[in-house]
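Working notes, beginning with the structure itself.
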Amino acid sequence: MKKQKIIAVLRVLNKKFKDKPIKWMLAGTTGLALQGVEISPNDIDILTDKEGAFQINELLKEYEVKPIKFRRSKIFESYFGKFKINGVEIDVMGNLRVKLDNGWVLVKLDSNVVEMKEMEFYVYPLHKALKAYKILERKKDSIRVQKIKEALRGG
């Protein structure tokens, strides 16, 4: 997906969420790219808490594809919803939990701040993303693991 398209949607999100009491951050490929990982984002993943998920649903109602509701898969559970702005898919996950050997573990909303084109975004830190992708052991994440390692080494 074109970088300009993602940036345009990030501008929309920034405008919609600005000055709202919502704790949210970018994760996935967009969060990685904003932190210098050489990767082309294909969508936007937003992590938030349960309350934030429902607030975001209201703010993005006109773009709603799937409303926020509790959903569970084999390895993830969250208050999940899907939105689409200008052809860019946005996944919102509130209280995201991951199933590990010792049960369900809540993904903490620890974040770093990055600035881009006069906007500030909270992003899921690279070292935590690296750990998460390694734990998940999904084949599709192996390239992300390598690219994060390269970014953490400084290129």
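Things worth noting here:
- Cα convex hull of the stretch 3-125, projected area averaged across orientations, nm²: 7.6 nm²
- Relative contact order computed over the chain (Cα-Cα under 8 Å; 6+ residues apart), in percent: 22 percent
- Multiplying the residue separation of V12 and I75 by 0.36 nm and subtracting their alpha-carbon distance yields 19.6 nm.
- When each of K23/K69; K23/K50; K84/K108; K84/K139; K23/K108 is checked by Cα-Cα distance, pairs over 20 Å: K84/K108; K84/K139
- Relative intensity, log₁₀ I(q)/I(0), of the stretch 106-153 from a Debye sum that treats every alpha carbon as a point, q = 0.14, 0.16, 0.29, 0.31 Å⁻¹: -0.41, -0.52, -1.06, -1.10
No value in this document is a laboratory result; all are computed from the given coordinates. Computed from a predicted model, the values in this text were never measured in an experiment.
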